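Below is one structure; the comments refer to it alone.
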Amino acid sequence: MGTTQNILGLVFASVHEESLVELTKNRTLGAVPFGGRYRLIDFPISNYVNSGISQVGVLTNHNYGSLLDHIGSGREWDLARKKGGLHLLPPYSSSVVSQLRGKLDALANIRSFVEHAAADYVVLSDCDVVTNIDFRQVVKEHIASGADITAVYAKNDYDEATSKSAVIYDIDDAGFVTDVMINPPMKGKCNQGLNMYVMGKEFLLNVVKKCISRNRFSLRKDVLQDTAANYKIKGYEHKTFFVKIESTASYFAANLALLDTEKRNALFQPNAPILTKTKDNAPVHFGLESEIKNSLIADGCIIEGKVENCVLFRGVKIGKGSVVRDSIITQSGVIGERCSLRNVITDKNVAIADERVLTGSAGFPAYFVKGAEI
C-alpha cells in the first residue's frame with residue numbers, strides 16, 4: 001500500500017475515559033478490549049494505515065502499560081519504520097500539572113514532535129468511535145474547500161439523556177459549520193461529531209500556541225465553539241457504519257452490534273482491514289455437547305456449553321451445562337459448569353465457579369472486574 005508522507009496522524013488514547021470508568025480503571029481507553037480480539041486503539045491506527053498515513057503518534061496520559069504492550073513497535077500495522085512510523089507520546093515532565101487539562105494541553109506537550117514531523121497536514125482522532133474510514137478523501141476535501149478545520153460528522157439519533165460528550169454541528173448548504181453545540185438539550189436526528197479533524201500543521205501549531213497562552217485547553221470549547229465565526233470549519237459527512245462508546249451500556253451494545261452481519265461487514269472490510277496484535281492461539285475447541293448460536297468466538301476458546309448472542313475473546317472457557325447469552329466474555333475468562341449468564345461483561349481473567357447465576361440487563365449489564373473470582 002502506498003503511503004501519504006505529508007500527513008501526520010495523531011490518536012488521543014486517554015480521552016473520554018470517564019465514560020468507561022470500570023474498564024479504564026487500570027488501562028487507558030485505547031487499550032479497552034473490543035470485538036473479540038481487538039483493542040479500541042486498533043481502529044484509528046488501522047484507519048490511518050489504510051489511508052496511507054505512515055506517521056502516527058499516540059498521545060497518552062496514564063495507565064498506558066497495557067497499551068504499550070499491545071502496540072509495541074507498530075509491526076502489526078507496518079509502522080516499525082526508520083522514517084515516520086509509530087510513536088508513543090506520554091506527557092512530558094515539563095507539564096506544570098499531573099493531569100492534562102484538555103487536548104490542546106496534550107498537543108502543547110508534544111509540540112516539538114509535531115514541529116519536526118515531515119507533514120503538511122495533521123489528522124486527529126480519538127478512541128471512542130469504532131468505524132472504518134478513509135482519511136484520504138477527508139484530506140482531499142479539506143484541501144479543496146480551503147477550510148481551516150475539517151470536522152468529520154455523521155447523521156445520528158441524539159438524546160441528551162444518554163449522550164455525555166456529544167458535539168453537534170449546524171451545517172449550511174455549502175457544507176460549512178455555522179454553529180457548534182456541546183451536549184445541547186435536544187433529541188432527534190443531528191449532525192454528530194465523531195471526534196476526527198483535519199488541519200494544516202502550521203495552523204494547528206499556531207492555534208495551540210495562542211490558546212495555551214490564554215489558559216485555554218479544550219479543542220471543542222476554545223477552538224471549535226469559540227472560533228466557529230472566525231475560522232472556516234468544513235463538515236465531512238461519514239456515511240458508513242460507526243458506533244460511539246459513551247458508557248458501559250453503549251460499549252456493551254457496540255460489541256453486540258457486531259453480531260449483525262451487515263454492520264460487521266461494513267466495519268471489517270477486506271480492502272481496509274482492521275489490524276491488531278497477533279497471537280498464536282489454537283483453534284476454537286467445540287465439545288460434543290456444545291451449542292453455538294449467533295456469536296463471535298475468538299481463537300483459543302474451549303466451548304463445552306451453550307453460547308448465544310455473545311462475543312467471546314481469546315482463551316475463554318465455557319464449562320459443561322452452562323448457558324451464556326447476550327454477554328461479553330473477555331480474554332481468558334473461565335465459566336464453570338452448569339452456570340447461567342445473561343447480559344454480563346467480564347473483564348480479563350475472570351473466573352466464575354460452578355452453578356453461578358449472573359444476570360444484568362441490556363441497559364445495565366452486570367460488570368465484573370479484571371481477575372475477579374465469582
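The values are calculated or read from the model by the stated rules, or taken from the named source; none is laboratory data. Since the structure is predicted, the reported quantities are computational estimates derived from the model, not experimental observations. All Cβ positions, even for glycine, are placed from backbone atoms using ideal geometry, and neighbour counts span all protein chains on display. Note: accessible area is taken over every heavy atom of the protein model, side chains too, but ligands, DNA and RNA are not part of it. Shrake-Rupley method; radii C 1.70, N 1.55, O 1.52, S 1.80 Å.
Descriptive notes on the structure:
- Inspection of the stretch 279-289 identifies no residue that is within 25 Å of Leu23 (Cα to Cα), surrounded by 15 or more Cβ atoms within 10 Å (Cβ to Cβ), over 23 Å from the mean Cα position of the chain (by Cα) and modelled with pLDDT of 95 or more.
- Here Ser145 meets the list (1) modelled with pLDDT of 90 or more; (2) closer than 18 Å to Ser14 by Cα almost entirely, failing just condition (2).
- Residues in the stretch 343-356 that are under 25 Å from the mean Cα position of the chain (by Cα) and either under 19 Å from Asp299 (Cα atoms) or not in a loop (DSSP other than H, G, I, E, B) (or both): 7 in all.
- Within the stretch 318-328, the set of residues being surrounded by 23 or more Cβ atoms within 10 Å (Cβ to Cβ) and more than 18 Å from Gly287 (Cα to Cα) comprises Ser327, Ile328.
- Just one of the numbered conditions (1) of a type in the set (Lys, Arg); (2) surrounded by 14 or more Cβ atoms within 10 Å (Cβ to Cβ); (3) part of a loop (DSSP other than H, G, I, E, B) is not true of Arg220: (3).
- Within the stretch 235-272, considering residues that are open to solvent by 50 Å² or more (accessible area, probe 1.4 Å) and assigned to a loop (DSSP other than H, G, I, E, B), the one nearest to Leu40 (Cα to Cα): Phe268
- Residues of the stretch 4-24 that are small (Gly, Ala, Ser), part of a loop (DSSP other than H, G, I, E, B) and modelled with pLDDT of 90 or more: Ala13 alone.
- Restricted to the stretch 63-153, the set of strands (runs of 3 or more DSSP E) holding at least 3 residues that are within 20 Å of Leu29 (Cβ to Cβ), among the β-branched types (Val, Ile, Thr) and in contact (Cβ under 8 Å) with a residue 24 or more places away in the chain comprises 129-131.
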